[in-house]
């Protein structure tokens, strides 16, 4: 009997399964990777040896106003380590520099004060100027041009007030943008709602190159790169993290060169071959990425390449924040069936893209071919059912339900952290 602990919220879920049923366990090699320095030392070394750029201290010498873009509450960026070092580097260049920390929420809900303290610590929240981006506040936005794909580029107007624009973040495979990090801090991070909706339209999401691990031929990435260049994003600090959310690699400097270097590092660890099975068990890697059903779609997409026809995804996600998007929820709860929802989204013109449509599109794509069982908190059970998926209170019940749906005890592939791997 095999025993595997799967990340779930701030704890784990135990899985016990006969070894003969397991086709493969697909893990990022980050699980086994041991960095040659501490987390802080890795970041300091990256800041002292930027890729394709002067140091941050040199760049900030003549800056009157520095804006640091950072991720919101849905991303496990270790800002309690990275942000103090970024602030120190900026102030080493100029003690008089005004600094604004800009929280890149994209179209997510506003990050709360408690979540800011959880991310940065009391000292930074109490003493630094922090602005939470609001994509729907037109008064806070400025038009910066037209995207290569034709949409208007609306961004937080702080990009025009900054002498030096920098960003921090972390790099992981992203299910339609290729990788997170780098340019994504700008678009969708601090973009207006209209710009995010355009960039996430049905045609782009449906493009076969809009997948994890693909950047060069990815039309969504092309618009993101244009946005970061348009506002002269000068410097990034991006980290790679292991399964325990600790830093295993750090990359700073030119936004494109440093990000590219980080992506190559992550790709060498994340790329795993698909292992076909009747059932795939996956997770979102625990908190904070498993806060809602919306985010859980990411790990479900990692299961797709591994499923036989008629397969079942068992997605383990704590979902303490519920569905994660009202429009996303209503897409499924209000649909007659998955096929009609798929047709409606697929035929939606770019300029009529609705909030959360992209997540609904990917989930519908999966549900057209496979059944989904969600192992989640009982408080979310009705939401799961409303969205035409199946609920199970634990993995034992989920496997029994999968057996009932398929009429047999099928083979199983396990992906302990679906957002950390590139399957294929």
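In the set 190, 146, which member is surrounded by fewer than 23 Cβ atoms within 10 Å (Cβ to Cβ) and touching a strand residue (DSSP E or B) at 6+ places or on another chain (Cβ under 8 Å)? That would be 146, the only listed residue that is surrounded by fewer than 23 Cβ atoms within 10 Å (Cβ to Cβ) and touching a strand residue (DSSP E or B) at 6+ places or on another chain (Cβ under 8 Å). Here 219, 205 are screened, and the one residue that is surrounded by fewer than 19 Cβ atoms within 10 Å (Cβ to Cβ), under 20 Å from residue 151 (Cα atoms), in the same structural domain as residue 63 (by TED's automatic domain parsing) and at pLDDT 95 or above is 219. The residue list 353, 327, 282 contains one member that is within 22 Å of the chain's Cα centre (by Cα), free of Cβ contacts under 8 Å to residues at least 40 places away in the same chain and not assigned by TED's automatic domain parsing to the domain that holds residue 199, which is 327.
Restricting attention to the stretch 41-54 and to residues that are in contact with a helix residue (DSSP H, G or I) (Cβ under 6 Å, 6 or more places away or on another chain) and in a helix (DSSP H, G or I), the residue that is nearest to residue 234 (Cα to Cα) turns out to be 47.
Screening residue 267 against (1) modelled with pLDDT of 95 or more; (2) surrounded by fewer than 24 Cβ atoms within 10 Å (Cβ to Cβ); (3) not in a helix (DSSP H, G or I) leaves a single unmet condition, (3).
Residue 37 falls short of the stated requirement of being surrounded by fewer than 18 Cβ atoms within 10 Å (Cβ to Cβ), part of a helix (DSSP H, G or I) and free of Cβ contacts under 8 Å to residues at least 40 places away in the same chain. The number of residues in the stretch 1-34 that are exposed (fewer than 12 other Cβ atoms within 10 Å of the Cβ) and in a helix (DSSP H, G or I) comes to 2.
For the stretch 79-100, the candidate set comprises residues that are touching a strand residue (DSSP E or B) at 6+ places or on another chain (Cβ under 6 Å) and not in a helix (DSSP H, G or I); within that set, the residue that is farthest from residue 140 (Cα to Cα) is 97. Consider the stretch 271-312 and keep the residues that are in a loop (DSSP other than H, G, I, E, B) and touching a helix residue (DSSP H, G or I) at 6+ places or on another chain (Cβ under 8 Å). The one that is modelled with the lowest pLDDT is 289. Modelled with pLDDT of 95 or more, surrounded by fewer than 21 Cβ atoms within 10 Å (Cβ to Cβ) and closer than 19 Å to residue 156 by Cβ - does that describe any residue in the stretch 70-85? Within the stretch 70-85, none of the residues are modelled with pLDDT of 95 or more, surrounded by fewer than 21 Cβ atoms within 10 Å (Cβ to Cβ) and closer than 19 Å to residue 156 by Cβ. Restricting attention to the stretch 330-346, the residues that are surrounded by 16 or more Cβ atoms within 10 Å (Cβ to Cβ), in a helix (DSSP H, G or I) and in contact (Cβ under 8 Å) with a residue 40 or more places away in the chain add up to 3. Restricting to the stretch 199-212, and then to whatever is in contact (Cβ under 8 Å) with a residue 40 or more places away in the chain and in contact with a helix residue (DSSP H, G or I) (Cβ under 6 Å, 6 or more places away or on another chain), can you tell me which residue is farthest from residue 70 (Cα to Cα)? Result: 202.
Conditions tested, residue by residue: (1) part of a helix (DSSP H, G or I); (2) surrounded by 21 or more Cβ atoms within 10 Å (Cβ to Cβ); (3) under 23 Å from the mean Cα position of the chain (by Cα).
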site: 348; (1), (2), (3): no, no, no
site: 360; (1), (2), (3): yes, yes, yes
site: 373; (1), (2), (3): no, yes, yes
site: 381; (1), (2), (3): yes, no, no
site: 398; (1), (2), (3): yes, yes, no
site: 401; (1), (2), (3): yes, no, no
site: 414; (1), (2), (3): no, yes, yes
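Would you point out the residue of the stretch 113-136, among those that are more than 19 Å from the chain's Cα centre (by Cα) and assigned to a loop (DSSP other than H, G, I, E, B), that is farthest from residue 81 (Cα to Cα)? The selected residue is 136.
Evaluating residue 62 against the criteria (1) assigned by TED's automatic domain parsing to the domain that holds residue 398; (2) modelled with pLDDT under 95 leaves one unmet condition, (1). The condition (being in a helix (DSSP H, G or I), in the same structural domain as residue 237 (by TED's automatic domain parsing) and out of contact with any helix residue (DSSP H, G or I) (no Cβ under 9 Å at 6 or more places or on another chain)) is satisfied by just one residue among 139, 57: 139. Checked against (1) within 19 Å of residue 237 (Cα to Cα); (2) surrounded by fewer than 17 Cβ atoms within 10 Å (Cβ to Cβ); (3) in contact with a strand residue (DSSP E or B) (Cβ under 9 Å, 6 or more places away or on another chain), residue 103 passes all but condition (2). Among the residues of the stretch 148-172, which ones are assigned to a loop (DSSP other than H, G, I, E, B) and touching a helix residue (DSSP H, G or I) at 6+ places or on another chain (Cβ under 8 Å)? Correct list: 148, 149, 150, 151, 157, 171, 172.
Based on what the data block shows, is residue 368 over 26 Å from residue 241 (Cβ atoms) and assigned by TED's automatic domain parsing to the domain that holds residue 286? So residue 368 passes the test.
Annotation: of all residues in the stretch 222-245 being modelled with pLDDT of 95 or more and part of a loop (DSSP other than H, G, I, E, B), the one that is surrounded by the fewest Cβ atoms within 10 Å (Cβ to Cβ) is 232.
The values are calculated or read from the model by the stated rules, or taken from the named source; none is laboratory data. These numbers were taken from a predicted model, which means no experiment stands behind them. Reconstructed Cβ throughout: ideal geometry from the backbone, glycine too, with neighbour counts over all protein chains shown.
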